[in-house]
Amino acid sequence: MFCSGTRPAGHWLTRWTTAFGLALCLLATSGAARAEAAPQLPAQGVYDHCTPQKSADGCASRLQRLSAAGFTVVQNMGIVSQAANLPNILNYANLAHRYGVKVIWNVRPGISDADLIAVVAALRVHPSTWGYYTSDEPGPSAHDELAAFSAKLKSLDPTHQQLIMGCGNCYGGEGS
């Protein structure tokens with residue numbers, strides 16, 4: 001028997017066939033047991049564009065809705081990664097943490113070294129940090145710049161992931 005519910009062995013909910021065993025098992029057990037028995041999905045992420053300093057609640061309501069919808073990772077294109085914006089960035093990070101959402105921070109080549117160092121120093125220790133979004137569909141000519149930037153970022157935060165969104169149909173790929 002793969003299900004240990006609270007029903008006696010002869011109870012109709014515990015008599016199942018191979019085809020319906022899991023469904024009946026989930027019905028027969030308590031809510032807590034069902035949640036533990038349910039398969040866990042990998043982190044589900046979403047793009048967003050909310051600028052905390054332009055949002056009345058610092059984007060809290062958006063993070064709350066994303067979390068309620070089951071998203072556990074957000075890449076917010078509305079956040080400017082500059083040292084001068086650190087109070088807004090950290091407020092957003094704290095809100096994301098409150099709602100159980102990890103953030104992929106928009107940090108790209110072209111950011112000054114001073115801003116990169118300040119922003120990464122603050123975010124690498126924050127529990128809401130998933131990683132860094134470093135480029136969106138770069139062309140082949142951006143390779144060397146991205147490789148150098150990625151190495152610099154990795155030297156500042158060796159533990160978090162970096163994400164580059166590629167485009168297979170761009171720049172001579174299949175279907176372009």
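The values are calculated or read from the model by the stated rules, or taken from the named source; none is laboratory data. Values in this document were obtained by computation on a predicted structure and should not be read as measured data. Virtual Cβ from ideal backbone geometry, glycine too; neighbours counted across all protein chains shown.
In summary, residue 96 fulfils each of the numbered conditions (1) among the small types (Gly, Ala, Ser); (2) farther than 30 Å from residue 70 by Cα; (3) in contact with a Cys (Cβ under 9 Å, 6 or more places away or on another chain) with the single exception of condition (2). Test residue 42 against the stated conditions and say whether it is under 22 Å from the mean Cα position of the chain (by Cα), surrounded by 15 or more Cβ atoms within 10 Å (Cβ to Cβ), closer than 30 Å to residue 139 by Cα and modelled with pLDDT of 50 or more. Considered against the rule, which asks whether it is under 22 Å from the mean Cα position of the chain (by Cα), surrounded by 15 or more Cβ atoms within 10 Å (Cβ to Cβ), closer than 30 Å to residue 139 by Cα and modelled with pLDDT of 50 or more, residue 42 comes out as no. Within region 119-141, the set of residues being touching a strand residue (DSSP E or B) at 6+ places or on another chain (Cβ under 7 Å) and hydrophobic (A, V, I, L, M, F, W, C) comprises 123, 130.
Filtered by the rule that a residue be closer than 26 Å to residue 112 by Cα and touching a strand residue (DSSP E or B) at 6+ places or on another chain (Cβ under 7 Å), region 50-72 gives a lone residue, 50.
Just one of 93, 122 is in contact (Cβ under 8 Å) with a residue 12 or more places away in the chain and within 29 Å of residue 167 (Cα to Cα); which is it? Checking each option against the conditions leaves just 93.
Evaluate region 128-140: report whether one residue or more is more than 22 Å from the chain's Cα centre (by Cα), polar (S, T, N, Q) and more than 17 Å from residue 49 (Cβ to Cβ). No, that holds for no residue.
Being at pLDDT 95 or above and either of a type in the set (Lys, Arg) or in contact with a helix residue (DSSP H, G or I) (Cβ under 8 Å, 6 or more places away or on another chain) (or both): is that true of residue 93 here? The answer is yes for residue 93.
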